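Since the structure comes first, as structure tokens, the remarks are kept for the end.
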Amino acid sequence: MLDESLLDAAEALARADTLGLLRGAAESGARVRTAARAAVEAGLANLRPDGRPRALLLAGPGPTTGCIADLLSALGGGNVPVSLIRPYGALADPGALLWTLPGWVGPMDLLLVVTTDGTEPGLSALIEQAYRRGCSVVTITPPHSPLTDEAGGRHGLVVPLAPGPYEEVPEDQPLPPARLRPSPAAGLPGTLWALLTPLLVLNDRLGLFSARPPDIQSVADRLDRVAERCGPAVATYSNPAKTLAAELADALSLLWSEGPLAGAAARHFARVLTSVAGRPALAAELPEALLVHGTLLSGAFAAGADPDDFFRDRVEDPQALHARVVLLREQSALDAHSPTPAARELALSHDTPVSELEPSPGSPLEAVAELLAIGDFAAVYLALASGERA
């Protein structure tokens, strides 16, 4: 149950935030800047590729990898197919995860390996597979991790994972034991940008989409502005993330998106709502969402279904879940063919409440950064005010 009074108690939120989730979300802009510097120092900005790869393949543990694949595919606009290599094995034991290259992969393809851990034997084996097939490899991994040595040299280019502002590790200090580090499966806010930013620089050098230094700086600035608007000291009535958290507290969130980048943001939002806030959420792209989720608006989760029992204990008995639509768009201006008005009309015709997220004007990269950041903040506030991460 959401304690709305906690949303406007900054000190209480800080005490409840034992994992540093709010700090991680607020540091996203800083992570972009440090990751961009790490990419330059690793030589990505000076690459002179002979041409575009036939395909990009992405591998790594945790839900963040799926979001990165989504974003690269959407930003590339189909210039090069992006394939996510999913692991198999026991997810509870990252050391037991395995990855295998598809049979068609060869010298014309590029493998991207991303990890916040760097001790996964399965990723080392995958890089060895790529080397045997002549496939180029770019690896993003924490400095001084076992994967740094194994992935370097003949096996490709290694970009050190940029730490957060409070995570600097001296060169002569080894990584702490895995049990003391946050799980890569947690999808903690801020991690996404540390892994994604070097790949933006790389894709710019490959000519797949534009992500020049000024573009990267604009993304960092946009993330900083979102952190200011969504910070714990900003009251709920003027804080879009706190407002959204309160709206989704007792809802089955139906995240409907318009556009490929908004679709990637919606799927990421669904992942953090479930993994961080412990709330059910479903994502679908418009106009298909009207068919895929339409029944939920008139079924057991409809606003009029299972009316509130007068005798229900408001403290002990949870309120029944009802659907709430969240519309995510890449831009505020709607063209004549936009499915958003029809989506809004369908939801309201079933008395289903609607929340809307649309970014301020800017580039596609800035737009998706804003959507991702507001979603991260909202999931964190929902988790903290519900006691999920206390």
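No value in this document is a laboratory result; all are computed from the given coordinates. Nothing here was measured: the structure is a model prediction, and the numbers come from that model. Glycine also receives a Cβ, built like all others from the backbone with ideal geometry; neighbour counts cover every protein chain displayed.
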Percent of all Cα-Cα pairs per 10 Å bin for the chain, counting from 0 up to the last occupied bin, reads 5, 23, 31, 25, 12, 3, 0, 0
Comparing PRO364, PRO287, PRO49 in a Gaussian network model of the chain (Cα, 10 Å), the one with the largest mean-square fluctuation is PRO49
Across GLY375, GLY190, GLY207, the residue with the highest GNM fluctuation in the chain (Cα network, 10 Å cutoff) is GLY207
Once phi for every residue in the stretch 254-269 is put through the Karplus expression 6.51 cos²θ - 1.76 cosθ + 1.60 (θ = phi - 60°), the whole-Hz ³J(HN,Hα) values, with Gly and Pro written as x, are 9, 9, 9, 10, 10, x, x, 5, 5, x, 5, 5, 5, 5, 5, 4
When SER360, SER238 are arranged by how many other beta-carbons sit within 10 Å of their Cβ, fewest first, they go SER238, SER360
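Using a 10 angstrom Cβ neighbour count of at most 11 plus a DSSP loop assignment to flag exposed GluC sites (Glu not before Pro), which longest range of the chain is free of such sites?
It works out to 1-167.
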Here the stretch 218-231 yields Karplus 3J(HN,Hα) values (6.51, -1.76, 1.60; θ = phi - 60°; whole Hz; Gly and Pro given as x) of 5, 5, 4, 5, 5, 5, 5, 5, 5, 4, 5, 6, 10, x
Projecting the Cα atoms of SER124, CYS135, LEU56 onto the charge dipole of the chain, where Lys and Arg contribute +1 and Asp and Glu -1 at Cβ, the residue farthest towards the positive end is CYS135
Restricting to Cα pairs under 8 Å and 6 or more apart, the percent relative contact order of the chain works out to 21
With the charge dipole of the chain built from beta-carbon charges (+1 for Lys and Arg, -1 for Asp and Glu) about the Cα centre, the Cα from GLY89, ALA16, GLY362 projecting farthest to the positive end belongs to GLY89
Note: the stretch 48-151, point scatterers on Cα, Debye, no solvent; log10 I/I(0) at q = 0.14, 0.16, 0.19 Å⁻¹ equals -0.51, -0.67, -0.95
A correct Karplus calculation of ³J(HN,Hα) over the stretch 245-253, with 6.51 cos²θ - 1.76 cosθ + 1.60, θ = phi - 60°, whole Hz and x for Gly and Pro, returns 4, 5, 5, 9, 4, 10, 10, 8, 7
